[in-house]
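Asks: Got a structure for you, questions after.
Please treat every number below as a calculation from the coordinates, not as lab data. These numbers come from a predicted model, not from an experiment. Cβ atoms come from the backbone with ideal geometry, glycine included; neighbour counts cover every protein chain shown.
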Amino acid sequence: MWLAAHGKSLLGTAEDAWPLIAGVVGAIVTVTGWVLARMRRTRAAVTEDELGQVADRLAKDVEDQWTRGASERGLLRPKPIPVRWRRPTSPLAVRAADAADSDQFEPLPGLAAATPERLQEGQLDDLHELYGGLRSGQLVIAGAPGSGKSGAAVLLILRALDYRKSKSVPEKDRPQVPVPVMFTLQGWDPKTERVEVWLVGRLRQDYPLLFAGKRGKRTARDMLIQGKVAVILDGLDEIPEDLRPAALEALSQQATFRLVLLTRSAEMAAAAAKAVLLDAAAIELQDIDAADAAAYLARTQPDRPSDGWQKLIDRLRDKPRSPLAHALNNPLMLTLVRDTYRPGDDVGELLHLRNAAGRSASGEDIVGHLLDRVLLTAYTQRPGESPPPYSLGTAQHALGQIATRMNRDGTRDLPWWKVPEWANSALTFLTTFLAIGIVVGLAGMLLPTPSLAWCALLGATAGLAAGTASIFINRIWKGPKQIAQRWWRQLFHRRALRALGLSGLLGGLYCGLLVGFFGTGDQGGLAVGLKAGLGTGLASGLAVWLVVAITRAEEGNTKTLGPLDSWRNDLRFGLVIALVVAFGFALFTLTLTVVASGKEGPGAAVSVEGALATAFWIALMSFPATSKTWSSALGFAQLARSDRTPFHLMRFLEDAHKRNVLRTVGPVYQFRHARLQDRLAGQDPAAAKGRNEMSRQASTRRGRVQRPKPTAEGSVQLEAAGQVLTEDDLRGP
């Protein structure tokens, strides 16, 4: 824009444009050469040593990730709930003998082959030996809702990683032990996308700093094909019903890696009736025995439990067939009792609950009561604690809105960068257009002798470019970009310094020789060529140097980031890239302006001012296109207006995570359990069964979410479910 406005003073005649044209061509040649060099490196085969190094780094990353996850889920202390498994009563997979006799995989080093007898029954502690010794390499872990499938998978991951680095595995055999990674199946359409293509995308999304760039994509693919990773897939029951048999067929035909599939028993049985997972063995998690449940709750209490806790424990032991024992027969409900009743709370109320009709509560009534206590416990101030930043009503309303939208989309994952999909894209474009356009237009007024029409045109052009880029480029970039916090340490890495010297030398020589030998008049000769070469070389060298340092830092950092850190890193990435682009453009423009003007003094001062202004405009236009935080922040603002959620939604979600209402899987939030999400969305278990069918229509038809309405008593009414929940209701009797 500045070049167009000041074209006459900058270029003058056609001959004056010669250094500018030469410099642009030189910069293009330099950047093109650097890109081609990167492409040649990308096309080079990934060596076995490189795969081994990436596998070791991934193992450390996964261990850190799921150690935090296990701590959040309460799987490390106290001692895990004693969950047992048995051979399924329904046909979920092939016969145990066929899975044990397969020749797809050899047992992991140091482990014995799993026999058909070994597949009959066992405990969670036996899962690793079963997983590592199964020759088919495919295991189905099924169970009822809340039976602890995800928790069992997390413990299996940690056990497998601990075994991989133990002395039981010789150093030479360690590359044969795969690194387990876990993903949810949501978002995969097996009818249109091969499983390895989808998994490569998930690896790059959850571990972006490890699999950055095109070479990282190739590395992820090679690790899958060569079995360097084992894949645990959760939530077959959460994808649309008509896709489940197709998913089993695709996994049977395309999986070349060890596979563990987590699913609910009923949904797996229905899918297996249409398609079977070839060579897979199946086990089914059992209900928790009342005596084991009582023993676990006793371990969570002091040596002498309070009267309420003692009565609860005694009831479980004395009446193992009571509604209370039926409600607490799974890990989910036991952990809810443990976590939602704090010291001073009357846990004995569970013995005397009544339903709406005044009768003794059923097992399902007790389950609902415990789910409702999650928010009550999380957002109630306790003596000696600071008050929660959000009230119970605010949290219930906001989480209900979020859960409703997630259920409409048919997903259990809440990536913050997907929130703009819930907003109006036209309004996002308009907001970006106005924000960038107004700022750039006002900044244009600072230049010498600006006109109102010129500033308006400048602002409109900048706003249009930024708005268009924020819509289309952010759709191309599926996930957030990440950058190391101390990327500047890579500035003196040999690769960055080599890029600085090479790009500066090539750009300077090309532009200097071109101007010096082919320029005419005042725009040619040795002096002008030397000036053009030095300036262009410096500009192109510094710009490429910064980009290489940033890229190097992104590849070298393997830490998996949580949602908030991912948000901050994406923001940092956008700011750094915008500043680098602006710096390179300003330096390049300033150099060519001075060369073209051929003078010093006032003309050079105007050029400096114009170059800095241009850099500012370029930075403003670049940021919305390079950071998803911009579009997400606009999406948060729209939700705050339409759904009355907190304006600072990331702050609210992170607070809910700290209060154990949400959990994190890599950079993605999830509700603590699917049943909590459904309950907050106002869906009973029967209605939740239709959630997947509704999600099939979500891509073509977006219905407007019913917003909860506050009643006169301050309660929140969920119109979709036709029920009213007040704080008194949540407290129970």
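Asks: Given LYS418/LYS481; LYS311/LYS658; LYS60/LYS165; LYS60/LYS172; LYS172/LYS214; LYS60/LYS228, which pairs have Cα atoms separated by over 22 Å?
Replies: Checking Cα-Cα distances, LYS311/LYS658; LYS172/LYS214 exceed 22 Å.
Asks: Which trypsin sites (Lys or Arg not before Pro) from the stretch 350-419 combine a DSSP loop assignment with at most 14 other Cβ atoms within 10 Å?
Replies: Here the sparse-neighbourhood loop sites are ARG359.
Asks: For the stretch 82-285, what ratio Rg/Rh do Cα atoms give with a Kirkwood hydrodynamic radius? Provide the component values of the computation, followed by the final result.
Replies: Working: Rg = 16.1 Å, Rh = 17.1 Å.
Rounded to two decimals, Rg over Rh is 0.94.
Asks: For the pair ASP126/ARG87, report the inter-label distance in nm, with labels modelled 7 Å from Cα in the Cβ direction.
Replies: Reported label-point gap for ASP126 and ARG87 is 1.2 nm.
Asks: Per 10 Å bin, what is the whole-percent P(r) computed from every C-alpha pair distance within the stretch 84-132?
Replies: 24, 57, 18, 1
Asks: Considering only the stretch 82-285, what is the antiparallel percent among its DSSP beta bridges, to the nearest 5?
Replies: Percent antiparallel among DSSP bridges in the stretch 82-285 is about 20.
Asks: What does the extension gain come out to for LEU505 and ALA460, with contour length at 0.36 nm per residue minus their alpha carbon separation?
Replies: 12.4 nm
Asks: Loop-only check: which trypsin sites (Lys or Arg not before Pro) in the stretch 178-224 are DSSP coil with at most 14 other Cβ within 10 angstrom?
Replies: When the trypsin sites (Lys or Arg not before Pro) of the stretch 178-224 are filtered for loop state and at most 14 Cβ neighbours within 10 Å, LYS191, ARG194 remain.
Asks: Can you figure out the FRET efficiency of SER386 with ASP565, using R₀ = 25 Å and their beta-carbon distance, to the nearest 0.05?
Replies: According to the calculation, E is roughly 0.60.
Asks: Return an integer: the convex hull volume of the alpha-carbon atoms of the stretch 35-187, in Å³ per residue.
Replies: On the way: hull volume 26.0 nm³, N = 153.
Dividing the Cα hull volume of the stretch 35-187 by its residue count gives 170 Å³.
Asks: How far apart, in nm, are two points set 7 Å out from the Cα along the Cα-to-Cβ line at GLU106 and at GLU421?
Replies: According to this spin-label approximation, the distance is 4.3 nm.
Asks: Next question, about the same structure. Going by average Cβ neighbours within 10 Å, how do the peptides 333-344, 154-165 rank, with the highest at the top?
Replies: Ranking the peptides 333-344, 154-165 by packing returns 154-165, 333-344.
Asks: With each pseudo-label sitting 7 Å past Cα toward Cβ, what's the GLU241-THR468 distance in nm, one decimal?
Replies: 4.7 nm
Asks: Between ILE225 and LYS79, what's the calculated FRET efficiency when r is the beta-carbon distance and R0 is 51 Å? Round to 0.05.
Replies: Efficiency for this residue pair is about 0.85.
Asks: What's the ranking of 227-234, 641-648, 142-149 by average number of surrounding C-beta atoms within 10 Å, highest first?
Replies: Ranking, from highest mean packing down: 142-149, 227-234, 641-648.
Asks: Which value results for Rg/Rh of the stretch 186-305 when Rg is the Cα radius of gyration and Rh the Kirkwood radius based on the inverse mean 1/r? Each step should come with its number before you reach the end.
Replies: Values: Rg = 18.9 Å, Rh = 16.8 Å.
In the stretch 186-305, Rg relative to Rh is 1.13.
Asks: Which of ALA220, TRP198, ALA113 sits farthest toward the positive end of the charge dipole of the stretch 82-285, with +1 on the Cβ of Lys and Arg and -1 on the Cβ of Asp and Glu?
Replies: Of the options given, the answer is ALA220.
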